[in-house]
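No lab work stands behind these numbers, since they all come straight from the coordinates. Predicted, not measured: the structure shown is a model, and the values here were computed from it. For neighbour counting, all protein chains shown are included, and Cβ atoms are generated from backbone atoms with ideal geometry for every residue, glycine included.
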Ligand SMILES: [Zn+2]
């Protein structure tokens, strides 16, 4: 297969070591990408900023765990992925090319198809002429395709499993242990950064749609009756496009007050997500929260917003999502595993409520009904759950219709009792808001966002916090005394703790061009003047301004630059 590099960013990414298609020497495999030496530095800095922002610096209790990629089938049955994690696929009967049916229809008919049911798509394909892009044959054969990567766990294909499509299920299945380790207190956030795999039908959008990628997400578990303190973020302006297409740009507290969100915690993490996006170089205005319609939402979600930024080649791209998963996952895993994953929460005021209780004289019941006693007790328990006091309260006898016949249970054997109880706690399944970020999509988006032209040159104006290096050091020319001094400065800055790039090959112009293209914010050059004790030059990536700075004050000057201060005003230059 031939992979196209027909775009500026893709070309730069490959040439300057950010990313390229995996297994290129074998022709490449669609949807799989290698992240190169400069790409991994930027990606790791994004990941570390994410950790610092949402975990380390958070005033909430958010902890990180790590769980496996290989997931037993049962877990993904409980989560609903085995049944529902599908995309519609259409195959060309002539050339056998495979397409995502909704995307192909969207491209050819210029209509929105996201979330369309399989039947609706079949109808659309039967009514409109949608053709194979390669050979022009009309397409009709639409199927549902599950995106899970299937595998086997252990030899002899004994147990069926999948690569995880999200890190969330590992968090839900580890909830009980994590909750206990964290002193059984809500709210509790449990984060995970890791690889996930989705067998996309036809990925053709660079790092935007991959078959294996890195997710940074956390499940934030809370009692839905407890309202968060929104203080610190309440005035953050967020831009929301509702599912009916209304655009709302308001303070988070006002959006919450207007009831546009299913829970105030959604607002809290949307505001926090804007803060994070600002740290990696986007303005609040460049970040839109697009609400998914009911049809478009995942099976577990009560409300989801895609976090959208704009890219030059792919247009609007989803780089994160904020989903209100309610208590769906914990309930399902309780049912499927038989383990009680509910937690006890204190009530603000104790409440008196009516409880039902089945009283049984086991010895007498056993004597009369023998092996059928168990079925009788089960039937009474089931009845008690749905019973009303007026119907069954303290009855002399209860008639049960059981598979083996009709039985009469007198109150000396068993009875359903109704009583009032005052309780100060109750069992709940915690609700969950899930902020989930795609690390590779963010990498792509920040590179795209930072790439600009100046004269005939390209500059990657990455924010200094995520640039691959803090600073570069060059000798002006490859001359021994200059090289010697430049190496000494490189070593000194490394030891001080800066991430430094050293380069002495080729002309100074080419070296400046290289660091501009990989986004190094500043370059230090050692020249003849430096040998004479008149300091070194520091060149700014974006403005190409140069300052001459006293060597003894170099690390101080870099610190000042990193803080955004003016060297001239500070008297460094
Ligand atoms: Zn075809």
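Taking the mean number of other Cβ atoms within 10 Å as a proxy for protection, how do you rank 507-519, 448-460 from highest to lowest?
On the way: 507-519: 17.8, 448-460: 15.4.
Descending mean neighbour count gives 507-519, 448-460.
Roughly how many whole Å is it from the C-alpha centroid of the stretch 393-413 to that of the stretch 9-28? One Cα centre to the other: 75 Å.
Each of residue 363 and residue 24 was given a label point 7 Å from its Cα along the Cα-to-Cβ line. The distance between the two points is 8.3 nm. With each label modelled as a point 7 angstrom along the Cα→C-beta vector, the residue 118-residue 568 pair spans 6.8 nm.
Given axes a ≥ b ≥ c from the Cα gyration tensor, I'd like to know whether the chain is rounded (a/c under 1.5), prolate (a/b larger than b/c) or oblate. The shape class here is prolate. For the stretch 108-190, what relative contact order do you get, as a whole percent, if you take Cα pairs closer than 8 Å and at least 6 residues apart? Contact order relative to length: 15 percent.
On the basis of the beta-carbon distance and an R0 of 60 Å, residue 531 and residue 286 show a calculated FRET efficiency of 0.85.
With the highest mean first, a sort of the peptides 421-434, 351-364, 464-477, 203-216 on other beta-carbon atoms found within 10 angstrom per residue produces 464-477, 203-216, 421-434, 351-364. Each Cα pair under 8 Å and six or more residues apart adds its separation to the average, and for the stretch 295-445 the resulting relative contact order is 34 percent.
Just check the stretch 481-561 against the gyration tensor rule for me: Cα atoms, a ≥ b ≥ c as the square roots of the eigenvalues, rounded for a/c under 1.5, and otherwise prolate or oblate depending on whether a/b exceeds b/c.
Working: a/c = 1.32, a/b = 1.16, b/c = 1.14.
Note, shape of the stretch 481-561 comes out rounded.
Look at where the Cα atoms of the stretch 246-320 and of the stretch 419-485 average out, and the two centres are 19 Å apart. Summary of packing: across the peptides 260-270, 312-322, 541-551, the per-residue average of other C-beta atoms within 10 Å ranks them, highest first, as 260-270, 312-322, 541-551. Take every pair of alpha-carbon atoms less than 8 Å apart whose residues are at least six positions apart; their mean separation over the length of the chain yields a relative contact order of 12 percent.
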